[in-house]
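*Asks:* Have a look at this one.
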Amino acid sequence: VRGGNIFASTGSVARKWQVARAEGWPLILFGAQTTRFHLLPADWLAFCRRALACMHGGEIFIPKAPAWCLADLAAAFDSPLPWNEQPARPGDKPVELLYCAEESYRVKDCGWALVLEPPEELRSVWNYQPWDGAPVTPGAAYSSDNAPCVGVDELRKLVAEL
């Protein structure tokens, strides 16, 4: 499986901001326009289990997930303290990429998941059974800046549950 950030997992920005807010620290926002895929822990676990149960062998399962913008997540925190907004740090990626343009030719939309099939060289070594599904747009990447967005109101509800 290949997925993005798991919302509110250990080390995630949501958890770091939750701790900072609780301890009265200023909340630091690096790269306000950064986008990330939005995966809830229970949904990610269910996705992984389904992928394990359905796999043919050699393929990569990618969830069809929405995304959020870091500035929207910051707004959802409704912090009483001012934000310390900084430019993205060296090495910070502005978007998450779940498959690149070169891989798109091997990706099928199977309804519940996107399936990146193994390269032909690997398929020829065993009796690989291709997936039924519609091919995705050839030459197009699947990144967090071109996925449907989770809004501030929905993020606010998730932050309230932290």
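Readers should treat all values here as calculations from the given coordinates under stated rules, not as data from a laboratory. Since we're looking at a predicted model, the values are computed, not measured. Cβ: placed from backbone, ideal geometry, glycine included. Neighbour counts: every protein chain shown.
*Asks:* Put +1 on the Cβ of each Lys and Arg and -1 on the Cβ of each Asp and Glu in the chain; which of S9, A22, A51 then has its Cα farthest toward the positive end of the dipole?
*Replies:* Of the candidates, A22 comes out farthest on the positive side.
*Asks:* Please list, or write none, the lysines whose alpha carbon is within less than 24 Å of the alpha carbon of K64, excluding same-chain residues fewer than 8 places away.
*Replies:* K93, K108, K157
*Asks:* Mind listing which chymotrypsin sites (Phe, Trp or Tyr not before Pro) in the stretch 96-148 are in a DSSP loop and have 12 or fewer other Cβ atoms within 10 Å?
*Replies:* Those satisfying the criteria are W126.
*Asks:* Kindly express, to the nearest 10 degrees and within the range 0 to 90, the angle between helix 13-22's C-alpha long axis and the longest C-alpha principal axis of the chain.
*Replies:* For helix 13-22, the angle is close to 20 degrees.
*Asks:* Is there a quick way to get the dipole size of the stretch 1-151? I mean about its Cα centre, with the Cβ of Lys and Arg at +1 and of Asp and Glu at -1; what is the value in debye to the nearest 20?
*Replies:* Charge dipole of the stretch 1-151: 360 debye, to the nearest 20.
*Asks:* Taking a label point 7 Å from the Cα of C149 along the Cα→Cβ vector, which residues of the stretch 73-105 have an amide N closer than 17 Å to it?
*Replies:* So the set is 73-78, 94-96.
*Asks:* Quick check: the angle from helix 41-54's long axis to the longest principal axis of the chain, C-alpha only, nearest 10 degrees?
*Replies:* Taking the Cα atoms of the chain, the angle to 41-54 is about 10 degrees.
*Asks:* Here's a follow-up. Determine the gain in length on full extension of the stretch N84-V1; use 0.36 nm per residue of separation and subtract their C-alpha separation, reporting nm with one decimal.
*Replies:* The span from N84 to V1 would gain 26.4 nm if fully extended.
*Asks:* For the pair R49/S12, report the inter-label distance in nm, with labels modelled 7 Å from Cα in the Cβ direction.
*Replies:* 1.8
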